[in-house]
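Taken together, the values in this text are just the output of simple stated rules run on the coordinates, not laboratory data. None of the values given here were measured: they were computed from a predicted structure. Note that we place each Cβ from the backbone using ideal geometry, even for glycine, and neighbour counts take in every protein chain shown.
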Amino acid sequence: GAVVSQHPSWVICKSGTSVKIECRSLDFQATTMFWYRQFPKQSLMLMATSNEGSKATYEQGVEKDKFLINHASLTLSTLTVTSAHPEDSSFYICSARVKARLGNEQFFGPGTRLTVL
Amino acid sequence: GEDVEQSLFLSVREGDSSVINCTYTDSSSTYLYWYKQEPGAGLQLLTYIFSNMDMKQDQRLTVLLNKKDKHLSLRIADTQTGDSAIYFCAESPLSGGYQKVTFGIGTKLQVIP
């Protein structure tokens, strides 16, 4: 149980295009979903926290107009990288917190590798 | 702000024990976690410990917490080649609701056959 999927697993796009990444909780309802960015040989950096039906809360330094997050249901959140540039190339990981479960346990998706040419 | 530090690399021989260390700065940390990340994959929660515990054991994994020194360790007994991965230490406070989880940089464990 508590499986989180991401789609696509990898994407290559041209500079200036927008890319949408989906994060789904497959067998549970996620109260909250999180989006992280991971650079090579570095830790995960929390980008934003999204609650179903409300606006995402962005971490300091993360451009909300650049990284659009939509959390339309308890099982789906999307991250759209708008007008992508090479510096946006990274590994993007989402996680989901189980509704009604105590504590902070998060279940992570397998990640999406974005390469912007 | 919160900070979690780990060494970058650890190499052990198959069958030996591995000990991965972590220090954190947030004195209000309530949950402390160990995650495993295999190449190209997301993070898998291995175990976690509450700050009111000193030790937690789960099969080959032993977590030790020294709250006074803000030091957390993960011991893997009888390390196998399948244990080769990056291990992240993480912490979060909890005060009536969700709080941000802060991750360390990750320790790459290399198991030599």
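Identify the trypsin sites (Lys or Arg not before Pro) of the stretch B:1-64 meeting these criteria: DSSP loop state and at most 16 other C-beta atoms within 10 Å of the C-beta. Provide the component values of the computation, followed by the final result.
On the way: sites: B:ARG13, B:LYS36, B:LYS56, B:ARG60; in loops: B:ARG60.
Answer in residue order: B:ARG60.
Around B:ARG75, under 13 Å between beta carbons, what's the net of Lys plus Arg minus Asp minus Glu among the other residues? Intermediate values should be presented prior to the final figure.
Numbers: positive: B:LYS56, B:ARG60; negative: B:ASP16, B:ASP58, B:ASP78, B:ASP83.
Combined, the nearby Lys, Arg, Asp and Glu give -2.
For chain A, what percent of Cα pairs sit more than 22 Å apart? Mind showing how you got there, number by number?
Working: 1815 of 6786 pairs.
That tail contains 27 percent of the Cα-Cα pairs.
Can you work out the Karplus-derived ³J(HN,Hα) for every residue in the stretch A:56-68? Use 6.51 cos²θ - 1.76 cosθ + 1.60 with θ = phi - 60°, whole Hz, and x for glycine or proline.
6, 9, 9, 6, 4, x, 9, 7, 5, 7, 8, 10, 8
So which of B:LYS36/B:LYS67; A:LYS55/B:LYS56; B:LYS56/B:LYS100; B:LYS36/B:LYS68 end up more than 30 Å apart, counting from Cα to Cα? Please list the in-between numbers first.
Numbers: B:LYS36/B:LYS67 23 Å; A:LYS55/B:LYS56 38 Å; B:LYS56/B:LYS100 23 Å; B:LYS36/B:LYS68 26 Å.
Too far apart for the 30 Å limit: A:LYS55/B:LYS56.
Relative contact order for chain A: what is it in percent, counting Cα pairs under 8 Å that are at least 6 residues apart? Could the numbers behind the result be given before it?
On the way: 302 pairs, mean separation 43.2, N = 117.
Contact order relative to length: 37 percent.
Would you mind giving the mean number of other chain beta-carbons within 10 Å of the Cβ of each residue in A:106-113, as a whole number? Intermediate values should be presented prior to the final figure.
Values: counts 8, 4, 7, 3, 6, 5, 1, 1.
So the per-residue partner count for this stretch is 4.
Given chain B, report the % of alpha carbon pairs whose separation exceeds 18 Å.
That fraction is 46 percent.
Arrange A:ILE69, B:ILE20 by Cβ neighbour counts within 10 Å, fewest through most, would you?
Listing A:ILE69, B:ILE20 from fewest to most nearby Cβ atoms yields B:ILE20, A:ILE69.
Exactly which GluC sites (Glu not before Pro) in the stretch A:29-98 are in a DSSP loop and have at most 10 other Cβ atoms within 10 Å? Provide the component values of the computation, followed by the final result.
Working: sites: A:GLU52, A:GLU59, A:GLU63, A:GLU87; in loops: A:GLU52, A:GLU59, A:GLU63.
When the GluC sites (Glu not before Pro) of the stretch A:29-98 are filtered for loop state and at most 10 Cβ neighbours within 10 Å, A:GLU63 remain.
Using modelled amide H (1.01 Å from N, peptide plane; none on Pro or chain starts), what sits under 5 Å from the amide H of B:THR30, excluding residues fewer than 5 places away?
Distant-sequence amide H within range of B:THR30: B:SER92, B:LEU94.
Within the stretch B:24-54, whose backbone N sits under 18 Å from a point 7 Å along Cα→Cβ of B:LYS67?
Within reach of a label on B:LYS67, which here means backbone N under 18 Å from a point 7 Å along Cα→Cβ, the stretch B:24-54 contributes B:24-34, B:48-54.
For the stretch A:27-56 and the stretch B:5-46, what is the separation of their C-alpha centers, rounded to whole Å?
What the calculation gives is 20 Å, centre to centre.
Enumerate the calculated ³J(HN,Hα) couplings along the stretch B:43-49 in order (Karplus 6.51 cos²θ - 1.76 cosθ + 1.60, θ = phi - 60°), each rounded to whole Hz, writing x wherever the residue is Gly or Pro.
With coefficients 6.51, -1.76 and 1.60, one gets 9, 10, 6, 8, 6, 8, 9 Hz.
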